[in-house]
Structures are given as structure tokens and as C-alpha cells.
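**Student:** Okay, handing you the structure first.
The values are calculated or read from the model by the stated rules, or taken from the named source; none is laboratory data. The structure presented is a predicted model; accordingly, all values stated were derived computationally and were not measured. FYI the Cβ positions are ideal-geometry reconstructions off the backbone, even for glycines, and counts take in every protein chain you see.
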Amino acid sequence: MPWLFNHFLRNCRSVRDHLGDDAWRTVNNLRQRFNDMPRTQGIIVGQRQLEGVVTHLAAFFGLCNETMPHHYGWRFLDIGRFIERILSTLELLKLALLSARQPGIPLCEVVLATTDNFTVYRRRYRSQLHPSAILDLLLFDETNPRSVGYMLKRLERQIQRLPQPTSSPYRNLESRLVIQATSALHLVDIDRLSQVESSEESREVLSQLLDQLIQPLSELTNAISHSHFSHVEAPIQLVTMQS
């Protein structure tokens, strides 16, 4: 966590003139929290520390949305945040529903707590935790801001508003990758996922779906970087040296 925060702090300093005073106060509060973080701690203490970090990060990104001009820099920030969030959600679902040694209710609770959807689930389903309902909430529900469906729509919208490097009428690579992931989500047979806790066929369908989503989204960051950021060109030798 301190290693991640140092990278976060370096990035903040590189765009210092884009962040308001309140956002910087939040960054300083995070730095103080990491400086005071005990090096030896148990699970309970570590969980409390992470809960505090999550709260400060939510405040930071909320302030960025409210105070930063919504220019291209803000769009890249938003795109990067949602790519990471989608990939984290997909890996979490894969771990909890497919590869966990002891799947069950406690692990489903962890999934909902991690994605901050526990209250939403209880309000909507009012029932015991079911993997199929969790998949509906975290994959397909486009009204839920923490669902993959919602985040893919937001990614597509933000990418469309980026400057296009060429005047080609064809979609660029990043747009095609988002469409590829969205198509995989829309075309899956939801009925075949309904028995994921008891059917090997449903588990196989879910595994294929998660892989079909992870693969294009894992390539998306590099595609955006190559399309919209300058890269050092290979040196060109102007004079032929004779041996």
C-alpha cells in the first residue's frame, strides 16, 4: 500500500495545477495516514486501515469530479479509474465464484462489501445471498454504478469524446476493444448462468464470459496510450559511419 501511494502522490504532483486545495488536503490526509500506519498488524487492524484509505480516496475522486474542468485530462483520469475498477470486479468474481476453495455465503458477503453493494443487494432482493443474483447486480445491471455493464457504457462514452488522432471513418482500436467486451456481455445466455453454484456447465459459461471480458479490457490501456500519448521515436542515423 505505501508503494502504491507513492505512485499516486507522484502522479498528483505532476498535475499539481489541476487539483484544487480541498483535493490536496485529502492527499495530505492520506499521506499522514500512511506515515502513521503500523508496520506490524493483524487482519482487523489492517481492515480498519484500508477502510480509512477507501474513504479518503472516495473523497479525492469526488472532489476531482466536482472541481476539475472536464477536459481531456479529466477524461483520461476517469477512463483509467474505470478500467481498473472493471478488471478488479471481474477478478474478484472469478476468485469468489470459480476458484475459491471454500465458496459460500461468507465469500459472497465479501464480494458485496468490497464492491459496496451490500445495501443495494438487500434492498433489491431481500433474500439470502445467491451467486446468480450477485452476477445480475455486478455484471448486467446498467443502473448500478458498480456493475460492469454500467462501467462499460461510461468507458465507451468517454472514449468517444477523446480527440481522434486520424480522420479515418473506421473505429480505432480502443473503441473496438470496448465494443468487443460489451458484445460478450450482451450476447451471453443468462439462463445458462442461473445455476452457477451447482452446475459445472454454468461455471464453464461464467469462466468463458469473464475471460472474454478481461482480455480486451486488459489491452485497452495500451491501446489508449499508443493512440493519444507521445512516445519516443527510435533514433535515426543521419550519417553513415565507415569502419
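**Student:** Tell me which of these residue 77 doesn't satisfy, since it passes every other one: (1) assigned to a helix (DSSP H, G or I); (2) more than 20 Å from the chain's Cα centre (by Cα).
**Tutor:** (2)
**Student:** Sort out which residues of segment 1-26 are part of a helix (DSSP H, G or I), in contact (Cβ under 8 Å) with a residue 24 or more places away in the chain, under 17 Å from residue 74 (Cα atoms) and of a type outside the set (D, E, K, R), and write them in order of number.
**Tutor:** Correct list: 18, 23.
**Student:** Could you please find all residues in segment 28-47 being assigned to a helix (DSSP H, G or I) and more than 22 Å from the chain's Cα centre (by Cα)?
**Tutor:** Residues satisfying the conditions are 28, 29, 31, 32, 33, 34, 35, 36, 43, 44, 45, 46.
**Student:** Mind counting the residues in segment 81-112 that are aromatic (Phe, Trp, Tyr) and modelled with pLDDT under 85?
**Tutor:** The qualifying residues number 0.
**Student:** Looking at 78, 36 in this structure, which one is in contact with a helix residue (DSSP H, G or I) (Cβ under 6 Å, 6 or more places away or on another chain), charged (D, E, K, R) and either at pLDDT 90 or above or over 20 Å from residue 11 (Cα atoms) (or both)?
**Tutor:** Answer to the check: 78.
**Student:** Quick check on segment 141-172: of everything there that is among the aliphatic types (A, V, I, L, M) and touching a Ser or Thr at 6+ places or on another chain (Cβ under 7 Å), which residue is surrounded by the most Cβ atoms within 10 Å (Cβ to Cβ)?
**Tutor:** Of everything passing the filter in segment 141-172, 148 is surrounded by the most Cβ atoms within 10 Å (Cβ to Cβ).
**Student:** What are the pairs with Cβ atoms under 8 angstrom where one residue, in segment 129-142, is within 14 Å of residue 186 (Cβ to Cβ) and the other, located anywhere, is small (Gly, Ala, Ser)? Sequence gap at least six, or different chains.
**Tutor:** If the second residue must be small (Gly, Ala, Ser), the pairs left are 139/147; 139/149; 140/147; 140/149; 141/147; 141/149; 142/149.
**Student:** Next question. List, please: which pairs have Cβ atoms under 6 Å, are six or more places apart or on different chains, and start with a residue in segment 93-111 that is touching a residue at least 12 places away in the same chain (Cβ under 8 Å) and surrounded by fewer than 17 Cβ atoms within 10 Å (Cβ to Cβ) and end with one that is of a type in the set (A, V, I, L, M) and assigned to a loop (DSSP other than H, G, I, E, B)?
**Tutor:** 105/129
Condition check ((1) over 18 Å from residue 195 (Cα atoms); (2) outside the structural domain of residue 192 (by TED's automatic domain parsing)) across all residues:
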| position | (1), (2) |
| --- | --- |
| 44 | yes, yes |
| 80 | yes, no |
| 83 | yes, no |
| 95 | no, no |
| 121 | yes, no |
| 125 | no, no |
| 129 | no, no |
| 135 | no, no |
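**Student:** Tell me whether segment 167-186 contains one or more residues that are modelled with pLDDT of 90 or more and of a type in the set (Lys, Arg).
**Tutor:** yes
**Student:** Continuing with this model, one more query. Please go through (1) surrounded by 15 or more Cβ atoms within 10 Å (Cβ to Cβ); (2) over 21 Å from residue 117 (Cβ atoms); (3) in contact (Cβ under 8 Å) with a residue 60 or more places away in the chain for residue 213 and return the number of the only condition it doesn't satisfy.
**Tutor:** Among (1) surrounded by 15 or more Cβ atoms within 10 Å (Cβ to Cβ); (2) over 21 Å from residue 117 (Cβ atoms); (3) in contact (Cβ under 8 Å) with a residue 60 or more places away in the chain, the lone unmet condition for residue 213 is (2).
**Student:** Within the group 182, 221, which residue is within 20 Å of residue 75 (Cβ to Cβ), crowded, with 18+ Cβ neighbours inside 10 Å, of a type in the set (Ser, Thr, Tyr) and in contact (Cβ under 8 Å) with a residue 12 or more places away in the chain?
**Tutor:** Checking each option against the conditions leaves just 182.
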